[in-house]
Amino acid sequence: MIIQNETHDIQTATGTMRTYVYRPVAEGKYPAIIFYSEIFQQTAPIARTAAIMAGHGFVVLVPEVFHELNPIGTVLAYDDAGKDKGNQDKWTKPLEDHDTDTQAMADFLKTQSYYSGALGAMGVCIGGHLAYRAALNPEVKAACCLYATDIHSDTLPAKEGNNSFARTKDIKAELMMIWGKQDPHVPDEGRFKIHHNLIDCDVNFTWHEFNAQHAFMRDEGDRYDPALALEVYRMSVDLFHRTLS
């Protein structure tokens, strides 16, 4: 599908959130995916991933995940300074504020004539965690979580008892969990912890581990695996076509 993109400034409980919307040009009603970025916000690789997903018949929203902590339009570089700033942002923003961001995007979609009413979530790195977190929202029917960080380690700020690991029992959406076996951010013991928790909580999920490094989907840098990225795109599209149709 040929796609178009536009920018919306959505009002959230914690301020204005710049959100980039990618959607098919053809008229009609389409399911939507909230696509949560890495700590660097909407970089060129994130924009390309959003465009790929939109081209398969979805409305894709890319929020600035740390909008409270940066000027509108901020994109951090893939360097040490960008990594340090992005990590500081993720350790500063409470998960509860991400929850209200998700609800604000769901409410925005309901005002748009091109939205079918079916909502999914997808994300990479910290965005994978935020997609997992979004699955707590009853409006979200499915989530694709790619090498989601900080779930097993409980290192993101939240009120007592409200971290994502503890809240897994409240997830009703279908999850697809994607991991790289050579990912130092989520080592074997961390993945095992998440896997067993999903089983214990009786969540509907699939689990996929690949011989890949962290950020293997990012089409910049030396960790990119193009063949694997194509396979995971196919899996993601299949998940959302099945659950959001």
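Calculate the length of the line joining the C-alpha centroid of the stretch 93-152 to that of the stretch 7-82, in whole Å.
When both Cα centres are located, 12 Å separates them.
Rg to Rh for the stretch 3-244: what is it, with Cα atoms only and Rh by Kirkwood? Working shown, then result.
On the way: Rg = 16.3 Å, Rh = 17.6 Å.
Using only Cα positions, Rg/Rh for the stretch 3-244 is 0.92.
Taking the Cα centre of the chain as the origin and placing charges on Cβ (Lys, Arg +1; Asp, Glu -1), which of SER164, PRO24, THR43 is farthest toward the positive end of the dipole?
Farthest towards the positive pole: PRO24.
Based on DSSP, what percent of beta bridges with both residues in the stretch 3-244 are antiparallel, to the nearest 5?
Details: 14 of 40 bridges.
Restricted to the stretch 3-244, the bridges split so that about 35 percent are antiparallel.
Explain nothing, just the number: dipole magnitude of the chain about its Cα centre with +1 on each Lys and Arg Cβ and -1 on each Asp and Glu Cβ, in debye rounded to the nearest 20. Walk me through the intermediate numbers first.
Numbers: 22 positive and 33 negative charges, 110 e Å.
Magnitude of the dipole: close to 520 debye.
How high is the relative contact order of the stretch 57-162? Use alpha-carbon pairs under 8 Å, at least six apart in sequence, and give a whole percent.
24 percent
Scan the chain and note any complete DSSP helix (H) whose C-alpha atoms cover at least 24 Å along its axis and whose Kyte-Doolittle average is -0.5 or more.
Numbers: long enough: 226-244 (26 Å, 0.44).
Going by DSSP H runs, the hits are 226-244.
Per residue of the chain, what 222 nm ellipticity follows from adding -39500 (n - 2.57) for every DSSP H run with n ≥ 4, rounded to the nearest 500?
On the way: 6 runs with 80 residues, N = 245.
Mean residue ellipticity at 222 nm (helix-derived): -10500 deg cm²/dmol.
To make sure I understand the rule: partners must be lysines, Cα under 16 Å from the Cα of LYS29, and not fewer than 8 residues away in the same chain. Which ones qualify?
Counting by Cα, and skipping residues close in sequence, LYS29 has these lysines nearby: LYS110.
Need the full-extension length gain, ASP219 to LYS159, defined as separation in residues times 0.36 nm minus the C-alpha distance. One decimal, nm.
18.0 nm
Just to confirm the filter: which GluC sites (Glu not before Pro) across the stretch 149-245 are DSSP coil and have at most 13 other Cβ within 10 angstrom of their Cβ?
GLU160, GLU220
Find the relative contact order for the chain and round it to a whole percent, using C-alpha pairs within less than 8 Å whose residues are 6+ positions apart. Each step should come with its number before you reach the end.
Working: 515 pairs, mean separation 41.6, N = 245.
Over the chain, the number comes to 17 percent.
When Lys and Arg each count +1 and Asp and Glu each count -1, what net charge do the other residues less than 11 Å away from LYS141, Cβ to Cβ, add up to?
Residues near LYS141 contribute 0 overall.
Among VAL60, VAL237, rank each residue by its count of other Cβ atoms within 10 Å, from fewest to most, as a rough exposure measure.
The most exposed by this proxy come first: VAL237, VAL60.
Provide the gained length on full extension for the span SER245 to ALA51, in nm with one decimal, where the gain is 0.36 nm per separating residue minus the Cα-Cα distance.
Numbers: separation 194, 0.36 × 194 = 69.84 nm, distance 1.92 nm.
Full extension of this stretch gives 67.9 nm more.
Any idea how far apart TRP207 and THR74 come out in nm if each label point goes 7 Å out from Cα toward Cβ?
Calculated label separation equals 3.6 nm.
Within the P(r) computed for the stretch 16-119, what percentage of the Cα pairs occupies the region above 24 Å?
The share of Cα pairs beyond 24 Å in the stretch 16-119 comes to 25 percent.
Counting only residues 5 or more places away or on other chains, whose amide H sits under 5 Å from the amide H of ASP150 once H atoms are built in the peptide plane?
It is none; the list stays empty.
Reachable lysines from LYS93, Cα under 17 Å, same-chain residues fewer than 8 places away excluded?
Straight-line reach from LYS93, under 17 Å: LYS83, LYS85, LYS159.
What residues qualify as long-range amide H neighbours of TYR30, i.e. H under 5 Å apart, gap of 5 or more or another chain, H built at 1.01 Å from N?
Amide H to amide H, under 5 Å and 5 or more residues apart or across chains, TYR30 pairs with TYR115, SER116.
Which trypsin sites (Lys or Arg not before Pro) in the stretch 3-95 pass both tests, a DSSP loop state and at most 13 other beta-carbon atoms within 10 Å?
Hits after loop and neighbour filter: LYS29.
Values in this text are rule-based calculations from the coordinates and carry no lab data. Keep in mind that this is a model prediction, so the values were computed, not measured. For neighbour counting, all protein chains shown are included, and Cβ atoms are generated from backbone atoms with ideal geometry for every residue, glycine included.
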